[in-house]
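Asks: Just passing along the structure, written as structure tokens.
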């Protein structure tokens, strides 16, 4: 599945399950995760990087995800819909 298709499915799933989802872009900070997701039940925020199936985050993306993790943020990446649903279900039960 292409990254754009995966992102569309994840956004649709989030909306159906009451999660807020925002496209996260930061022009001066390349490599930031694609999506910022807010659990409306517990107020937690998740940064989610989506990749085409079989692809891995770039070195720059790994670096940025590490910076966010060190700052105390919840950060994940996935390359398929099943992993996304598992991550989202654990993040916002």
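Read-outs: derived from the displayed coordinates by stated rules, not from any lab. Quick caveat, the model's predicted, so the values are computed rather than measured. Please note: Cβ atoms are built from the backbone with ideal geometry, for glycine as well, and neighbour counts cover all protein chains shown.
Asks: What are the residues in region 69-86 that are surrounded by 17 or more Cβ atoms within 10 Å (Cβ to Cβ) and either out of contact with any strand residue (DSSP E or B) (no Cβ under 8 Å at 6 or more places or on another chain) or over 19 Å from residue 2 (Cα atoms) (or both), if any?
Replies: The answer is 75, and nothing else.
Asks: Same structure, new question: So which residues in region 21-51 are under 17 Å from residue 4 (Cβ atoms) and either exposed (fewer than 14 other Cβ atoms within 10 Å of the Cβ) or in contact (Cβ under 8 Å) with a residue 60 or more places away in the chain (or both)?
Replies: The answer is 22, 23, 25.
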